[in-house]
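First the structure, in the form of structure tokens, and then the observations on it.
Every number here is computed from the coordinates shown, using simple stated rules; none is lab data. Keep in mind that what you see is a predicted model, and the values were worked out from it rather than measured. No Cβ is skipped: glycine too gets one built from the backbone with ideal geometry, and neighbour counts run over all protein chains shown.
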């Protein structure tokens, strides 16, 4: 093959199209781009003075507040408190929910006996447990952890059961006819086969857990992002409330982009078990 | 030597809708010799796949026995590897990982099982695809992997359940020819379920023709066409057409019988 001379087809791409492609491929643009008009709209709304400052503040004020709280060390402290609680809750939630889910899924009778209980307890909102949890554990980390674990465990169990049920019978049969015993079938076929559903269960569980944490901090609170927001409301500092909301969104986005999405990319997406969510790839 | 012996197999089941007891398999007996390629043909819904599922140990028979290498079969086992119509490959394993699965279950050391898996992959024409995942292969290639995954285990009998039914006609010809080539090279024992008469005649040493349900063995047709076979020459032999026509007639009578019963 001769490759002398200019490569045709490359030189002629129209610059607008090249710009569009660059914008589409650039990770920063793709991630932050959609927020630009939102920020602009927010800023314009604040500048127009349609609402008094006590109700509504602009992005510049919130940014100032952000710098202030970082300097004072309040935000980092609260943030690490919230994240520690979430980690505890998620850790225990996974530790309890995953084995329990597989246990329930693995046996027809276990499923029969526990299903009504699962649906019943899932129906009691996480926050509804707070009054009794506070009576039992006081305003403590244990109380908050309990609520998060509770929130995560049930969607996780249901997702694991659904995942196990989705594993095609033929895959189990194939493994059996290749010499796998029941335990190997579980490890080699059931667990990876259930993974797409389990992964989305973990995603849902984490989302619920995150919300439950903030709610618990608002009620139980002695520290944390939820506490910060509610405390700010009490003293009438709207910018701090805004800041708290933004921190929650950014943090969730980060967990999703840095932990959940990469995990799914190297497992279920790599295996062709789900359609890739992101378009244009 | 007899590799597989089926004696007086019957299967009844309860219809989920009507609640009636239905006899799917009336009374089926046959044997498959070592190194023999035997197909089973029959009108649709006659329970050919049920026969295979019973041999594989996936489904329990109502009565009768299945013996493989002299031992009676009770559940699934690596002596009876199955090639499925749906391929049933493990999506989370690479091509090599799928092919080596059986050896891993047997506890064969990593180095040896990889070498043997590679050997069988190149036998079926998948050399160079070891690191791919199943979803990156075409349907035809997936089924090649399905065959390699079973053969590498060196089963007493390879059970194939309409393996090429969901593959386009052109690829199917190629797969049939390649399966014949591998069979003639390695002489595994094969039990093959199909509804395609030409396919059965082309591939097999003998063809079992089942009747309509409750199915019994209507006739066992010996295919004495010379090997090695290839699609062009073999299908043009007068003997090939004669055999195919005879089986068509046997199945045709079945349908005529049905019409009579229905009338």
Exercise. When residues of the stretch B:105-125 are filtered for being away from every other protein chain (no Cβ under 14 Å), within 21 Å of the chain's Cα centre (by Cα) and closer than 27 Å to residue B:76 by Cβ, how many remain?
Worked result: 3
Seminar exercise, completed: When the stretch A:130-182 is checked residue by residue, the ones that are in contact with a helix residue (DSSP H, G or I) (Cβ under 7 Å, 6 or more places away or on another chain), farther than 17 Å from residue A:218 by Cβ, in a loop (DSSP other than H, G, I, E, B) and in contact (Cβ under 8 Å) with a residue 12 or more places away in the chain are A:167
Exercise. So residue A:182 fits all but one of (1) surrounded by 17 or more Cβ atoms within 10 Å (Cβ to Cβ); (2) over 28 Å from residue A:129 (Cβ atoms); (3) within 14 Å of another protein chain (Cβ to nearest Cβ); what number is the exception?
Worked result: (1)
Exercise. Can you pull out the helices (runs of 4 or more DSSP H) entirely within the stretch B:95-167 that have at least 3 residues that are under 30 Å from residue B:47 (Cα atoms) and in contact (Cβ under 8 Å) with a residue 40 or more places away in the chain?
Worked result: B:139-151
Problem set entry | Lone qualifier among B:73, B:32 - being in contact (Cβ under 8 Å) with a residue 24 or more places away in the chain and surrounded by 15 or more Cβ atoms within 10 Å (Cβ to Cβ) | B:32
Exercise. Taking residue A:108 and the conditions (1) over 22 Å from residue A:238 (Cβ atoms); (2) surrounded by 11 or more Cβ atoms within 10 Å (Cβ to Cβ), which numbered condition does it fall short on, given that it satisfies the others?
Worked result: (2)
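Would you confirm, using the coordinates I've provided, whether residue B:20 is more than 14 Å from every other protein chain (Cβ to nearest Cβ) and either more than 26 Å from residue B:175 (Cβ to Cβ) or touching a residue at least 40 places away in the same chain (Cβ under 8 Å) (or both)?
Working: more than 14 Å from every other protein chain (Cβ to nearest Cβ): yes; either more than 26 Å from residue B:175 (Cβ to Cβ) or touching a residue at least 40 places away in the same chain (Cβ under 8 Å) (or both): yes.
Considered against the rule, which asks whether it is more than 14 Å from every other protein chain (Cβ to nearest Cβ) and either more than 26 Å from residue B:175 (Cβ to Cβ) or touching a residue at least 40 places away in the same chain (Cβ under 8 Å) (or both), residue B:20 comes out as yes.
Mind telling me which of the residues A:204, A:222 ends up being out of contact with any strand residue (DSSP E or B) (no Cβ under 9 Å at 6 or more places or on another chain) and in a helix (DSSP H, G or I)?
Answer to the selection: A:204.
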